[in-house]
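Working notes for the structure below.
The values are calculated or read from the model by the stated rules, or taken from the named source; none is laboratory data. As the structure is a computational prediction, the values presented were derived from the model and not from experiment. Cβ sites come from the backbone with ideal geometry, for glycine too, and all protein chains shown count toward neighbours. Ligands, DNA and RNA are excluded from the accessible area calculation, which covers all protein heavy atoms including side chains. Shrake-Rupley method; radii C 1.70, N 1.55, O 1.52, S 1.80 Å.
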Amino acid sequence: MGQKTNPIVNRLGIITGWQSSWCNNYKDRIQEDFKVRRYIEARFPKGIVSRIFIERTLKFITITIRTSRPALVIGKRGDEVDTVRKELKKLTKKEVQINISEVKRPELDAPLIAKGLVRQLENRISYKKAIKLFVLSAIRMNAQGIKIQISGRLNGSEMARCETYKEGRISLGTFRADVDYHMAVAHTVYGSIGIKVWIMKGEIYGKRELTPLLETQKRQRSHKFSYLNRKKSK
């Protein structure tokens, strides 16, 4: 079971939440989500956007962008975010709010690793060297396990093949296991090369907040309270 399903989808509602939160009008909503994600991915440089979370009300959309480089996404004095907000407002015809969430440990983020590998393969860097560096950096950051699977015409070989690199343990059949997963495609001169990344971060016990918007609001409140406490102590 664990080998054949997406590890994130397999844990929905248990330890992971939905990346889009809405109901009604499935056809239009999913089309709109696709356009928003495609625009944001194309707008910013490759390999800095990890995930995009979308939460809707009737006339309002909240978009949370998880990135390893928030300064590039925000821009000088917030100009980049303002232009993105205006263009998304034209695209969706609704009021848009954008939150930026920083990925503090990009070495343990599956989308960033997969996109980093895509960038290096498209720049004609040796895939073995790139994969070993990513595996070593993840193990150094205390990942319990990492697995990278790459398939296609590797190094321009005539026949396509699939290779897997694994370090540590990955419990795909355990629901409480926090397994991060992402799949990406590198478009090289020789053809398309598929990349899959699994990262085992540990096991989660007890309840976990499933909506990213509530998590960012809690962080903002904690920052406000700490700032007020500092002011009072002074």
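THR92 - would you say it is among the hydroxyl-bearing types (Ser, Thr, Tyr), within 24 Å of ASN6 (Cα to Cα) and over 21 Å from the mean Cα position of the chain (by Cα)? Before you say what the answer is, go through the steps one by one.
Working: among the hydroxyl-bearing types (Ser, Thr, Tyr): yes; within 24 Å of ASN6 (Cα to Cα): no; over 21 Å from the mean Cα position of the chain (by Cα): yes.
Considered against the rule, which asks whether it is among the hydroxyl-bearing types (Ser, Thr, Tyr), within 24 Å of ASN6 (Cα to Cα) and over 21 Å from the mean Cα position of the chain (by Cα), THR92 comes out as no.
Residues in the range 86-115 that are in a helix (DSSP H, G or I) and without any contact (Cβ under 8 Å) to a residue 60 or more places away in the chain were compared, and the one that is nearest to ALA130 (Cα to Cα) is GLU107.
Being free of Cβ contacts under 8 Å to residues at least 40 places away in the same chain, of a type outside the set (S, T, N, Q) and either surrounded by 20 or more Cβ atoms within 10 Å (Cβ to Cβ) or touching a helix residue (DSSP H, G or I) at 6+ places or on another chain (Cβ under 6 Å) (or both) is not true of TYR205. Does at least one position in the range 194-214 carry a residue that is more than 20 Å from the chain's Cα centre (by Cα) and assigned to a strand (DSSP E or B)? No, every residue in the range 194-214 fails to be more than 20 Å from the chain's Cα centre (by Cα) and assigned to a strand (DSSP E or B).
When CYS23 is tested against the conditions (1) at pLDDT 85 or above; (2) more than 15 Å from the chain's Cα centre (by Cα); (3) open to solvent by 40 Å² or more (accessible area, probe 1.4 Å), the lone failure is (1). Please go through the range 194-218 and pick out each residue that is more than 22 Å from VAL179 (Cβ to Cβ) and either out of contact with any Ser or Thr (no Cβ under 8 Å at 6 or more places or on another chain) or modelled with pLDDT of 90 or more (or both). Hits for the range 194-218 are LEU214, GLN217, LYS218. Inside the range 162-176, residues that are in contact (Cβ under 8 Å) with a residue 40 or more places away in the chain and of a type in the set (A, V, I, L, M) make up a count of 1. Of everything listed in (1) within 19 Å of ILE195 (Cβ to Cβ); (2) surrounded by 14 or more Cβ atoms within 10 Å (Cβ to Cβ); (3) not polar (S, T, N, Q), the single unmet condition for GLU32 is (1). Applying the criterion of being assigned to a strand (DSSP E or B), surrounded by fewer than 20 Cβ atoms within 10 Å (Cβ to Cβ) and under 20 Å from the mean Cα position of the chain (by Cα) to the residues of the range 146-180, the residue that is modelled with the lowest pLDDT is ASP178. Take ASP28 and decide whether it is assigned to a helix (DSSP H, G or I) and farther than 17 Å from ASN99 by Cα. For ASP28, the condition - assigned to a helix (DSSP H, G or I) and farther than 17 Å from ASN99 by Cα - is met. Does LYS35 fit the bill of being farther than 20 Å from ASP109 by Cα, assigned to a helix (DSSP H, G or I) and in contact (Cβ under 8 Å) with a residue 24 or more places away in the chain? Yes: the conditions hold for LYS35. Within the range 44-54, the set of residues being modelled with pLDDT under 90 and closer than 16 Å to ARG85 by Cβ comprises PHE44 only. Close contacts from the range 128-139, counting a first residue that is within 13 Å of GLU107 (Cα to Cα) and a second that is among the acidic types (Asp, Glu) and not in a helix (DSSP H, G or I), with Cβ to Cβ under 8 Å and a gap of 6+ residues or different chains, come to VAL135/GLU167; ALA138/GLU167; ILE139/GLU167. Would you tally the residues in the range 36-84 being exposed (fewer than 12 other Cβ atoms within 10 Å of the Cβ) and of a type in the set (Lys, Arg)? So the answer is 4. The lone criterion from (1) β-branched (Val, Ile, Thr); (2) out of contact with any helix residue (DSSP H, G or I) (no Cβ under 9 Å at 6 or more places or on another chain); (3) touching a residue at least 24 places away in the same chain (Cβ under 8 Å) left unmet by THR57 is number (3).
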